[in-house]
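Notes follow once the structure below has been shown.
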Amino acid sequence: MANIEKVIIIGSGPAGWTAAIYAARANLSPLVLAGRPKSVPSLVLPGGQLMLTTEVENYPGFPQGVTGPSLMAALEQQAVRFGTRIVTDDGLSPDVSNPDDGHTAKYHDCKAVDFSSRPFKVIGEDDTTYQAHSVVVATGATANWIGLESEQRLALSGGGVSACAVCDGAMPMFRDKELAVVGGGDSAIEEATYLTKFASKVYIIHRRNELRASKIMARRAMDNPKVEVLWNKVVDEVLGDERITGLRLKDTKTGELGERAVSGLFVAIGHTPATQFLAGQLELNEKGYIKLKDSYRTTTSVEGVFAAGDVADSVYRQAITAAAMGCKSAIDAERWLADQGIQ
C-alpha cells in the first residue's frame, strides 16, 4: 500500500508556508507541492505574488521592510527547519538554498486532485500520485494584467508597476507623484481613492465612457480633486527602462495615440484564483474562489480538505491575512485528523 501522508499542502505563498510551519511543528510531517517558477507575473510563482514585490513594508516584524523573495525564502526555511518536505525533481528535498539561485526550478506543480474518496489523491506534474488523509489548498490568486511586455518587465523588476495599491502605494517612490490606475470597477476606484493619500494626482484609465463601479464609489472618486478619469483609453505601452516614466495611451474610439507622464501604474482589472486544477472537486463561489463553510474556519465543501490564502479570499489579498489563514488551516487539519484518530 502506498504511503499515506497526514497532510499535503498545495501552494507555497504566505498561506502555504505558514500552514507548513504549523503542521510541521505539530509533527504532521507535511508534504508541499510548491509549484514551478513562471516567467511572467500573470502566472503563479512558487512563493506567491510576493515574489513579484521588491519591497514589503507592511508585513509585521520588519521595521525597515523586506523584499518579497527574501520574506518567502525565510518562511520556507522556517518550514523546512521543522520537518516540511518539498516535492522536487530530485525527490523529496528538505534543502533550502539562496532564493536567487534558481532552486525553485526543481519544485513541482500539482496537476490534478481527486477528493471523491479518502485517502485523497494529489497528482503531481509528472503524474506521480500522492495520497493524503488531509489536504490544504493554498494556491493563491493571480492579478489580471494588461499583457504588455513592458508592463511585465517593470512589474518583475520593481520598476513602478504594481497590482496592489494597498501593498505598494505608500512606498516613497510613489509619494507626491502622478500615478495611474487601470480599470473601471469598484476595485479600481478603491485603489485610486487609496492612492490619493500619497500621490499628487491619480489618473483612472478606463476603456469606456462610464465606470462599472457602483454609483457611490464612482461619485467618491469623481468628487476627489486629485482624481482625473481618462475616458475611452487603454494602455498601449508602458514607457521607461528601469523605472516607469509614462504611458502611451490609445483612444478606443479614434485609435489616436498619446502619452501621459506618470511615476507609477497600478493595474486593477481583477484577479483569477488558481483553482483550475480542482476541476469540480471543491465548491467554488461565483468568482471561482474556493467557498468556505463559514467565515472563521478554513473548511471546504469536502471534509478533510482545507483552503487558505487568496485562493479563498477575494476581499483582502494581503500577505498577513494569507499567513493567518495558513495558520488556521493547519490547526483545522490537525484537529480534524485527531478527530479521525490519525495521530
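The values are calculated or read from the model by the stated rules, or taken from the named source; none is laboratory data. Please read these numbers as outputs of a predicted model, since none were measured by experiment. Note: ideal-geometry Cβ built from the backbone for every residue, glycine included; neighbour counts use all protein chains shown.
Points worth noting:
- For segment 37-59, the condition of being touching a helix residue (DSSP H, G or I) at 6+ places or on another chain (Cβ under 7 Å), assigned to a loop (DSSP other than H, G, I, E, B), more than 30 Å from LEU148 (Cα to Cα) and modelled with pLDDT under 95 holds for none of the residues.
- Failed condition for MET171, given (1) modelled with pLDDT under 95; (2) touching a Ser or Thr at 6+ places or on another chain (Cβ under 8 Å): (2)
- Single residue of segment 60-76 satisfying the filter (more than 16 Å from the chain's Cα centre (by Cα) and in a loop (DSSP other than H, G, I, E, B)) that is modelled with the lowest pLDDT: GLY65
- Pairing residues of segment 249-265 that are closer than 26 Å to THR196 by Cβ and without any contact (Cβ under 8 Å) to a residue 40 or more places away in the chain with residues that are among the aliphatic types (A, V, I, L, M) and in a strand (DSSP E or B), at Cβ distances under 8 Å and at least 6 apart in sequence or on separate chains, gives LYS250/VAL234; LYS250/VAL235; LYS250/LEU257; ASP251/LEU257; GLY258/LEU249; GLU259/LEU239; GLU259/LEU247; GLU259/LEU249.
- Contact annotation: residue pairs with Cβ atoms under 8 Å, 6 or more positions apart or on different chains, pairing a residue in segment 152-168 that is over 17 Å from TYR59 (Cα atoms) and assigned to a loop (DSSP other than H, G, I, E, B) with a partner that is at pLDDT 90 or above and basic (Lys, Arg), are GLY159/ARG153; GLY159/ARG243; GLY160/ARG243.
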